[in-house]
Each structure stands twice: as structure tokens, then as C-alpha cells.
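*Asks:* Before I ask anything, let me first share the structure, which is written out below as C-alpha cells.
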Amino acid sequence: MGRVLRVDLDRRRGEVLPLPESVRREYLGGRGLAGYFLRHSAVSACYALPCDDPDLPLVIAAGPLTGTDAPASSRCHIASRSPMTRAFGDASLGGRLGIELKHAGYDALVITGRANRLSGIEIDDGAVRVTDATALSGLPVPDVFSRLREARPSGAIACTGPAAENGCRFASIMADAYHSAARCGLGLVAGMRNLKYVAVRGTGSVPVADPAGLKSACEDILRLVNASPALTGGYGFSRYGTASLFDLMDSRRMMPTDNFRRTHFEHAGGLGAHALAARYHPVRRGSPTCPVQCKGIAGDGRPMPEYEALCGFSALIGNAMPELVMRANDFCACLGLDPVSASSALACHRELTGCEYEPDQVLALLLGMATGSGPNKSEARLGRELGQGAMRYAEDQDRPELAMHVKGLDLPPFDPRGGYGLALAYAVSTQGGSHLRANPLSHEVLRKPVATDRFSFSGKARMVRNAEDAHAVAESLTVCRHMLLAAGVEEYAKAYAAVTGLPPRDGGGAADLLLAGERICYQERMLNTHNGMTASDDDLPERFFTEAGSGTPEIPVPPVPRAEFLAARAAYYRVRGLDENGLPRRETAERLHLPWPLNAHGAALEEPDGQGRQGQGKGQGKGRWRG
């Protein structure tokens, strides 16, 4: 039996709830549990509530491997209803927060209510306090960490920046100085609750049923990681971080340039990972159990940009200056902004107005997005407008076609005209504009584990569906998704079985994990359907179907063929067990032990005899999560 800590910010107290073993087996942890809690809250109708409703939970969930020696398993998952998409919103967070939460004895932290003043949550094993955080108001993220570390030198800290306090829709949550849960605007969800930080310190340990089996599984995983060119090769993530993808994306004509109008940046040579490393002399950092250590800290202490920020603040907005990329990335970390959505908003405005940015203007607009202030009233107003995200900004300007998003979440800087599996994965993602729900780049560009024709939709529906299930498993075990570039679900299943003691043929095998992954993906589909999403939301911006990329005679980059895309989407619906409109089917939901139909309470509707399906009625058992 696991344990969940629920903290009510209104009442400023917490309570511990039991988590049945059956729920842990069916949803694993992390992303799966977070979605489960949104669907099965002790607060009725939680998921139909607006993002700012205090009854809507903000969930931080660890996984079954968190706190063990399993490689790259120290992450946690955060979820709620996204202010960007108004549907299921989640983000993975590195650092020690998940480890400390498990060591304190909890599988998850579920936060409800709204504090009457800026507050923090402090957890020390069984002791839980809601504290006054008004002294931290308006401070940049590094200053928040610095002040909190004076009183709490050990343990984990996650906090928001000024962006969350000032209503920016893509505000992030930062942890342990340089880790971030950036996507989906979950920082704003915390800000709407007057929650500034969560600090956790645990002194316990995570029990392991079979230590020798876990040691063997870890050795197998590490052997594969060390043999992976993408992760540990001479130009891999362990040396240059994800910025090592920059030159590759440009050479493949997949680099979004000028707001996705082009797919090649003529100044890319001076901005690649090797060039930045030579200029800024980074040291490698990362999460505690990660063998890759893909984070970089420059010699002057600033965070090195991930690929998304590197491309977003250079090619996407037409900037060739490395120092502006570094400063913009640092601004995002200090202010608590998602660099993908921030750079997307800048790119949208640049295309709409035809302006060319000066460095100071970029930084001023980032400050305006986060604080609503600026050097003058006009710049301040523009910053506030861009802080609502590219989609809403473009709609307000009557130019919605200029916002490059799916479901309201801005696309990361990988152009889908260069990979048709990527195009499909973007469109059907339950998160919105994200390549990491399925990461087709591994097949289509890195050509691992199986090479595929990136300019064809053949076989992509099943490829995306299978990859989605595997990634759902990884994020529910709270393993870094990048590990799937080397080790598979089979290897991590051995670690899972060793930790939990579940037999490989009875709950602890790869097939069991993949079934859980399928259930988790379908659960998110059901939640999004409950919020009004249909096939019309599983689509791409029109630009990708009508405009060619920056191809060459050797690598032509035509528009994505619309008819083939729609056929692939229909095939995906079939293999995912959805109907022709992308909506969940009763038979699939029941096969996966999911409630049908999903009502406003996030539970199964009562049958005429008063009994819900699978023993679930409308009412929620007091002090207990219903399975």
C-alpha cells in the first residue's frame, strides 16, 4: 500500500491517504498517477473546473523506481489542467524532488485550495507545514533558491518565478537551480493558488524486493547507455547536452527558421553545440541517478541552453548572436518562463509585424512576459500580450495562422515537414505541441532502434502508437525519456520487477508495463475528450500543408501531403482504439479497466442498480482514492 500526501492550501494542512496496490500496478506512478488523481479526486467535478479553480488539483508524482539506483530514475511528474490548452497538461521534472518525496514516504503530493497569501509547502518526513512566502514575492528564481537554502541547506526545492505570480500562461516550475518543468504553464497553476515553492526533505529509503536483480538490471541498462552514440558518443548528450542536435537538425533541413517559414538557418555554424562549448566552457551536470548528465553550466554560472532554447532564440527569431541566446535562456530560467513558448511568441510577433529584434528588445519583451513591465507603456503592454502565448496573441491580432501550435501548446523547434512520423505525433499528442510523447526523431533522424523513411507515412501510425505507450511507461516509472534511445521497456521492466517484487509474468513484465502505458495514454485521451477535444484538435498549422521547407536537390522538403496525413491519422485512431472522430470507445476503455463513460466527476457513471463499473460509483470514498 502506497501513500499520498494531500495538502489543502485553504486550510493550511495536509492529510495522508492510502494508495491501493492495484492503482500502483495499473498506473505505475509519475505521469500515470498524476492523470489518475485528476480523474479520481476526492473533490467532485475536479477536471471540468477552470485552471484557476482552487478545487482543481496540482499533482506532483514520483514513480516506483524513484529513489532507487535505477539509472535516470530520479525524476517526478507534475500535472494539472493546462492554462495553455485547457486540457491535460503535464511536465517532467529532474533534480531531487522525486527522490526526497519518496524518501519522505510518499508516492505523490496532491495540492488543492488557494492560500490567502503567497505560501510555501515544507515537508520533512511526516511533518508538513504551509508557510508564509510573501518575502519571496517578485524575486527571480536564483534568489528564491538562495534564501530558502539558508534555512534548508539539504533536501529538494521547487519554486516558481515572477512569471507565475504575474499571470504568464507559460510560467514554469524550477527545481534545484537548473531543472525545469517548463511546458504547459504549470507554474501559472501554482501561481493561481498562491503557491511559491515546495521543499521536501526525506530521511527514509525505498524498499527493494530483489537487490541483486536490481543490480543486474542496472548493469544491463548502463551497458546499453554506454554503447549509445546519441547519449554517450563523442558528439552525444553527455558531452554537449541536447544542443548536440542543433547542427543535425539544420543539416537535415528540419530547423525551424523565421517562425517555421524556412527550415535552414544560414548562421547555424556559429551557434552549434561545439561552438558554444568552445566559447562558454561548460561543466556537465544532471539529475542524481543519471549516467548521461546532459545539463550544462557555463563557466560564468549561467545555464547552457537546451536544443529547444538554442534554436528558439536563434533561428526561430532570426538571431545569429550566441550571447543573446545565452542571455535569453538565462532570463527564462530566472523569470520562470518556458523558453519554447516564449521564443514562439517572439517569432509570431516578428512575422506579424515584420520587425527585426535588437538584443535589448528581446530581453525587455521576456521581462514583460514575466512581469508585465517594460521600458515604456507600449513595450509593457506588448509583453503582457505575448505572455498569454502565441495562439491567443495571434487570435487577438486576427492572424491565427501565424501561431505555430497544436491544441494551444507551441511546437518545439523540430520542423514536421522533415519527418512525417513527427507530423503525426505532434497532431495526436495528448499534451499538445510536443515531440516527446512519441519522439519519432529517434527513428526518422537518429535511425534508432529501427530506421524508417522520414518522408513517408507508411507504418507511422503504429510506430507513433507504440512509442507513445513506451514513453508513457518511462514517464510513469519517472525515468528520463532519453534513456529510450538506448535501453527499452524490457530492460526497465527487469528493474521494476526487482524493486516491486512482482513476477515478470504476473505484473512485472514488459507486456504488463506496456499495457499500463496504453491505459495511461487512453486515460489522457478521455480527459481531453471530457474537455471538448475532437479530431479537429488533432491537426497541424496550415503552413505545413501549403508551404515547402528549405530543401536542396539532395534533400527536398515539400509540404506535408494533407490527404496522406489524414489517412495516417485515421489509421492511428484505429490502432489506438478510438472512433473515426478520435473519441474514446467504450470497448477499449473497458478492456483497459477505465471508467465508462467519464462523467464530470472523473469517475464511472452509476449504473441503474447504483453500482458503478468496476465497483466505482459517483461518490468518492472519504480519505481514500477510488480505483
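*Asks:* Using the Kyte-Doolittle scale, which helices in the chain average at least -1.0 and also have C-alpha atoms spread 24 Å or more along the helix axis, with helices defined as whole DSSP H runs?
*Replies:* Span-like helices in the chain: 460-477, 510-530.
*Asks:* Provide the FRET efficiency to the nearest 0.05 for the residue 125-residue 593 pair, computing r from the beta carbons and using R0 = 22 Å.
*Replies:* 0.05
*Asks:* Exposed loop sites here are GluC sites (Glu not before Pro) in DSSP loop states with at most 11 other C-beta atoms within 10 Å. What is the longest stretch of the chain lacking them?
*Replies:* Between the exposed loop sites, the longest stretch runs 1-265.
*Asks:* Once the Cβ-Cβ distance between residue 579 and residue 396 is put in as r, and R0 is 25 Å, what FRET efficiency do you end up with, to the nearest 0.05?
*Replies:* 0.15
*Asks:* Count charges around residue 57 for me, please; just the other residues with Cβ under 14 Å from its Cβ, Lys/Arg as +1, Asp/Glu as -1. Could the numbers behind the result be given before it?
*Replies:* On the way: positive: 6, 39, 81, 114, 193; negative: 8, 10, 15, 52, 53, 55, 90.
Counting the neighbours of residue 57, the net charge comes to -2.
*Asks:* Something else: For residue 154 and residue 219, what does the FRET efficiency come to when R0 = 22 Å and r is the distance between their Cβ atoms, rounded to the nearest 0.05? Present the calculation step by step, with values, prior to reporting the outcome.
*Replies:* Details: r = 30 Å, r/R0 = 1.36.
Plugging the Cβ-Cβ distance into 1/(1 + (r/R0)^6) gives 0.15.
*Asks:* Can you put 443, 593 in order, fewest other beta carbons within 10 Å first?
*Replies:* 593, 443
*Asks:* Which value in deg cm²/dmol, rounded to the nearest 500, describes the helix-derived mean residue ellipticity at 222 nm for the chain, given -39,500 (n - 2.57) per DSSP H run of n ≥ 4 and division by the residue count?
*Replies:* -11000 deg cm²/dmol
*Asks:* Here is a further query. Can you list which of the trypsin sites (Lys or Arg not before Pro) found in segment 447-533 are DSSP loop residues with at most 10 other C-beta atoms within 10 Å? Provide the component values of the computation, followed by the final result.
*Replies:* Details: sites: 447, 454, 460, 462, 465, 481, 494, 505, 519, 525; in loops: 447, 454, 505.
The qualifying sites are 505.
*Asks:* In segment 89-180, which chymotrypsin sites (Phe, Trp or Tyr not before Pro) fall in coil by DSSP and have 10 or fewer other Cβ atoms within 10 Å?
*Replies:* Counting only loop positions with at most 10 other Cβ atoms within 10 Å, none of the chymotrypsin sites (Phe, Trp or Tyr not before Pro) in segment 89-180 qualifies.
*Asks:* If you don't mind, another one. Return 338, 143, 469 ranked ascending by Cβ neighbour count within 10 Å, so the fewest neighbours appear first.
*Replies:* By the 10 Å Cβ count, ascending, the order reads 143, 469, 338.
*Asks:* Once the piece of chain linking residue 566 and residue 10 is laid out straight, how much longer is it, given 0.36 nm per residue of separation minus the C-alpha distance between them?
*Replies:* On the way: separation 556, 0.36 × 556 = 200.16 nm, distance 4.72 nm.
Extending this stretch completely gives an extra 195.4 nm.
*Asks:* So, with +1 on the Cβ of K and R and -1 on the Cβ of D and E, and no other charges, what is the size of the charge dipole of the chain about its Cα centre, to the nearest 20 debye?
*Replies:* Using Cβ point charges on Lys, Arg, Asp and Glu, the chain gives about 960 debye.
*Asks:* For segment 92-147 and segment 416-451, what is the centre-to-centre distance using only Cα atoms, to the nearest Å?
*Replies:* Distance between centres, Cα-based: 34 Å.
*Asks:* Checking the table 102/196; 407/448; 407/460 against a 24 Å threshold on Cα-Cα, which pairs fail?
*Replies:* With Cα atoms farther than 24 Å apart: 407/448.
*Asks:* Can you give the Rg to Rh ratio for segment 416-595, taking only C-alpha atoms and Rh from Kirkwood?
*Replies:* Rg/Rh: 1.00.
*Asks:* Report the label-to-label distance for residue 212 and residue 455 in nanometres (one decimal), using points 7 Å from each Cα along the Cα→Cβ vector.
*Replies:* Each label point is offset 7 Å from its Cα along the Cβ direction, giving 5.5 nm.
*Asks:* Also, I was wondering about something else. Evaluate the charge dipole of segment 184-270 about its Cα centre and quote only its size in Debye, nearest 20, assuming +1 on the Cβ of each Lys and Arg and -1 on the Cβ of each Asp and Glu. Could you put the intermediate results ahead of the total?
*Replies:* Values: 10 positive and 7 negative charges, 68 e Å.
Computed about the Cα centre, the dipole is about 320 debye.
*Asks:* Cut-off is 10 Å between beta-carbons; in what order do 313, 260 appear when sorted fewest neighbours first?
*Replies:* Result, fewest neighbours first: 260, 313.
*Asks:* Can you list which of the trypsin sites (Lys or Arg not before Pro) found in segment 96-158 are DSSP loop residues with at most 11 other C-beta atoms within 10 Å?
*Replies:* Working: sites: 96, 102, 114, 117, 129, 147, 149; in loops: 96, 114, 117.
Passing sites in segment 96-158 are 117.
*Asks:* Go through (1) 14, 33, 25, 14, 8, 5, 0; (2) 16, 41, 34, 8, 0; (3) 21, 59, 20, 0 and flag the label whose value is the computed P(r) over Cα pairs in 20 Å bins from 0, in percent for this structure.
*Replies:* Recomputing P(r) over Cα pairs in 20 Å bins from 0, in percent here gives the entry labelled (3).
*Asks:* Set Lys and Arg Cβ to +1 and Asp and Glu Cβ to -1, take the dipole of the chain about its Cα centre, and tell me which of 70, 354, 83 lies farthest positive.
*Replies:* So the residue we want is 70.
*Asks:* Okay, next question. Convert each backbone phi in segment 539-553 into a coupling constant with the Karplus relation 6.51 cos²θ - 1.76 cosθ + 1.60 (shift: θ = phi - 60°), then list the ³J(HN,Hα) values in order as whole Hz, x for Gly and Pro.
*Replies:* 8, 10, x, 4, 3, 6, 9, 10, 10, 7, x, 8, x, 10, x
*Asks:* Another question about this same structure. I'd like the distance between the alpha-carbon centres of segment 259-322 and segment 500-577, rounded to an integer number of Å.
*Replies:* Centre-to-centre (Cα) distance: 28 Å.
*Asks:* In addition: PRE reach from residue 281 (point 7 Å along Cα→Cβ): which of segment 293-313 fall under 19 Å by backbone N?
*Replies:* Zone members listed by number: 296-305.
All of the numbers you see were taken from the coordinates with simple rules; none came from a lab. As the structure is a prediction and not an experimental result, all values here were calculated from the model. Cβ atoms come from the backbone with ideal geometry, glycine included; neighbour counts cover every protein chain shown.
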